[in-house]
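Every number in this text was worked out from the coordinates using simple rules, so none of it is lab data. Model, not experiment: these values are computed from the prediction. Every residue, glycine as well, gets a Cβ built from its backbone with ideal geometry; the counts of neighbours run over all protein chains shown.
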Amino acid sequence: MKKKIALVLGGGAGRGLAHIGVIDTLIKAGIMPDLIVGCSIGALVGAAFATEGKTDGIKKRMQGYFDGPVFKKLRMEFFKQVSKSERYGFFDTISTFVKRGMLLNVSLTSESFISKSDFEANINHFIDDINFNETKIPFACVAVDLIRAKEVILREGSLREAVAASSAIPGIFPPVKKDTIILADGGWIDQLPVIPARKLGADIVIAVDIKEDLSENKSFKTALEIFMRTSDITKDRLSVVVSKDYDVLITPDVGKINWADFGCVDSCIAKGAKAASGALAEIEAIIGKRRSKLGQFFSGLKNRWRRK
């Protein structure tokens, strides 16, 4: 029996463009996953790849997209500007919003900074209007249930709706209301969904981690800065704990890229390809080792049958 290989694509907004380079390299090496599990931007790239079984479609849809009117409505350039400091994280952006009174104004009048229609228009640009059972490669993504405070694995129904739920950054993009639950970005509970991949039957997990670098920070002048720093640390440590059950970890060198920076497409793809190339020997060794053990098992059964 063939071992099921899962490709797990982590969250990290603009850094997630590196996933495309990783996938390209794996495919060229003849390593095609049997399952794809994504979170946030990893869900978007993963779903687009799972739909066709190749990255040509998503690359084509990116042509001119980041300079076009649909993407500009997300105001990512604005998020990038307000989060420039010694750190590059999302919590730093929230800190700036609070200081300027912007988050408070939005939180009193709307459930998100970006409208539902603008958010959905961007998701729809990359994801076809299909259900999970129509993808060429089995796919799943994760989100957090805000009502029940737990992780949800999405693997049936509308692909667009699921990717939107997994990508709905709290406060920035609107949560997705589905039946009796309200879903938001899965990265807040599982930035690299290795455990869900195991639950779905993965024997070999190749995980791609694109989270930000948690660099040293020695300047804490206010209570808010201390709170934001501890939030960063908690999120980073949680990610390490919940995602450690992988077989191979690929870490593209994108940790210092601003989460809201989508202007470095070629650079991110190249970094993803480079990191994946460096991991090919390890991946092939693990796949070969698992297959070898399986072959030995069946060979042993055959020899026992012959002795009888």
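Ranked highest first by the average count of other Cβ atoms within 10 Å around their residues, in what order do 183-189, 55-61 fall?
Details: 183-189: 24.4, 55-61: 14.9.
Put in order of decreasing packing, that is 183-189, 55-61.
Tally Lys and Arg at +1 and Asp and Glu at -1 over the other residues with C-beta under 12 Å from the C-beta of Asp34: what net charge comes out? Before the final figure, lay out each step's value.
On the way: positive: Lys2, Lys3, Lys4, Lys136; negative: Asp203.
After counting each charged neighbour, the total is +3.
Place the peptides 18-28, 168-178, 114-124 in order of packing, highest mean first, counting for every residue the other Cβ atoms within 10 Å and averaging per peptide.
Numbers: 18-28: 23.5, 168-178: 21.5, 114-124: 16.9.
Output ranking for 18-28, 168-178, 114-124: 18-28, 168-178, 114-124.
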Residues with amide H under 5 Å from that of Asn131, placed H, sequence gap 5 or more: Leu159
Interchain or long-range residues, amide H under 5 Å from Ala168's placed H: Asp185, Gly186
Between the modelled labels at Lys116 and Lys150 (7 Å from Cα along Cα→Cβ) the distance in nm is 2.6 nm
